[in-house]
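All remarks here apply to the structure that follows.
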Amino acid sequence: MMEAVALLVLATGSGVLGWLLGRKQGTSPLRSGVAPHLLPDPALEWLRRAHRAIGVWVSELDPQEEGPRAERIVEPERLSVAQIVAVDRRLERARDQEQSGAERMEGGMLVFHAQGGSAVGLLLPDKFEPGGLAGVEDDLRRLLDGVRRRPHLVALAQAQSQGASLESVGSVGLRLAYQLERTLDSQVIVAALDGANVRVIGVSGRADRRLLDSQLPETSELAQVARGAQEVQISKGDPLGGAVADRRSRSGSVLLLPIRHDLKPVGSVAIWLSTGKEPSGPARAEIMEAIHNAAARIDRALEADLHKRAATIDPLTGLPNRRGFDEAFRLITAGQGALLYADLDRFKSLNDTLGHPAGDAALVHFARIIREQIRTGDVAGRIGGEEFAVWLPDTDLELGSRIAERIRLKLGSHPWDWQGRVWPLSASFGVAACPETSSSPQNLPAQADSALYQAKRSGRNRVERAGR
């Protein structure tokens, strides 16, 4: 699977890397052992060298994270800490406001581009030749496009590798979104009927990746088309009905098309029309053919998901059960991550005093709080009676502990009652992380369980880290 991911990440950065390799005359050789598909380094270092820049920055915003994800490669001897921080803040502002341009900074000339929650920038020396600015801007646009597409392509590679004999819903949705984007050069979102809900299963490279796996409001136009309540139409507003609260709605016309298999509603597609006109002729035929071919595959994948969920989902909380969580954990490809184990305190006393229906309600309440406090891409499961687990990919021990503490405080600060009787709920947590407590993710369950046991012995209602 890693080979498939590497190839797709290589495709993501090929527009930048291939172009830069052709321009790198006179620069110092790369260190040994570096493969060109590794992003952001050495891609960022190559870009910096190609323009003899002082530094290169990448900033990505994910509202589910504790803060923005930032990457930078600089020549520290040429910049003070204050100058580096000043560029950091300027690029964050450009990212948040989707600004592009060039600005004189204390350390040099900052050229930057931002779009869709990501921003990139190059800090050029004061003696930079203005005639080379066009090349810098072109390279930054290529880098920004690669940064924004990278998560989608990695997700697509993972989806493809996980479904050798049967495609997943996500792999079909992502393929369809990218195929339609290539055909029309437009932003595309694909949604599917998932039981009683309508879920986003595919987003193209130009679309907001935060939408992936989000549930659409019942009243949204895209959901109505997916259910068959509305036919083909042109939307002038937000067809997603605010599925992501702080998402900037793109103005203009959006073509909404149903996805049907044997006349049965399966899902829908939203295509942002840059010209404001519906595609016609060969382009229209290609769109309809792609949707028709995807419809049966989406339908089969949804049926397979339904049967799989029956065996891997806890019916009480809706979270993966022990089997489902273990299957997800075995598919870990991230080299870094944190594992949380959590256990409701004095759960037997609650059951004995208020009865098992109250215990079930408390478990549902705790599961809801865990869902609210973790991020998109994290995996939570109910792995025992009152025991839960959360896998936090690309998360260090410190952040994992803060997320566990956030869940603990949320549970303790929200009163819970059963039929009018208030019952204080609390939980104990154990946290382990790779590589801080183990060089292998496979050792984390035993470490997190041991840390949870220590939290129980130390008085409950606390977070303990492995290795202490």
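What is the fewest-to-most order of Asp96, Asp345, Asp185 by other Cβ atoms lying within 10 Å of their Cβ?
Fewest-to-most ranking of Asp96, Asp345, Asp185: Asp185, Asp96, Asp345.
In terms of Cα to Cα distance under 20 Å, which lysines are near enough to Lys236, apart from those fewer than 8 places away along the same chain?
Lys236 reaches Lys277.
If you put +1 on each Lys and Arg Cβ and -1 on each Asp and Glu Cβ, how big is the dipole of the stretch 322-465 around its Cα centre, in Debye rounded to 20?
On the way: 19 positive and 18 negative charges, 60 e Å.
That gives the stretch 322-465 a dipole magnitude of about 300 debye.
Would you work out the charge dipole size for the stretch 182-327 about its Cα centre, treating the Cβ of every Lys and Arg as +1 and the Cβ of every Asp and Glu as -1, and quote it to the nearest 20 debye? Working shown, then result.
Details: 20 positive and 19 negative charges, 49 e Å.
My answer is approximately 240 debye.
When the Kirkwood hydrodynamic radius is evaluated over all pairs of different C-alpha atoms of the stretch 322-465, what value in angstrom, to one decimal, is obtained?
Every distinct Cα pair counted, the radius reaches 15.2 Å.
Projecting each Cα onto the charge dipole of the stretch 322-465 (Lys/Arg +1, Asp/Glu -1 at the beta carbon, about the Cα centre), which of Leu339, Ser426, Val390 comes out farthest on the positive side?
Positive-end residue among those listed: Ser426.
Excluding residues on the same chain fewer than 8 positions from Lys410, give the aspartates and glutamates whose Cα lies under 14 Å from its Cα.
Glu372
Using only the Cα atoms of the stretch 189-338, build the gyration tensor, take square roots of its eigenvalues as a ≥ b ≥ c, and label the shape rounded, prolate or oblate: rounded if a/c is under 1.5, else prolate if a/b is larger than b/c, else oblate. Could you put the intermediate results ahead of the total?
On the way: a/c = 1.96, a/b = 1.61, b/c = 1.21.
Judged from the Cα gyration tensor, the stretch 189-338 comes out prolate (a/c at least 1.5, a/b above b/c).
List the residues, sorted by chain then number, that are 5 or more residues from Glu278 or on another chain and whose placed amide H is less than 5 Å from its amide H.
So Glu278 has HN proximity to no qualifying residue.
Hey, which lysines would be in cross-link range of Lys127, C-alpha to C-alpha under 29 Å, not counting anything within fewer than 8 residues on its own chain?
Straight-distance partners of Lys127: Lys24.
Just so you know, all these numbers are worked out from the coordinates, no wet-lab data involved. Nothing here was measured: the structure is a model prediction, and the numbers come from that model. Using ideal geometry, Cβ is built from the backbone for each residue, glycine included, and neighbour counts are taken over all protein chains shown.
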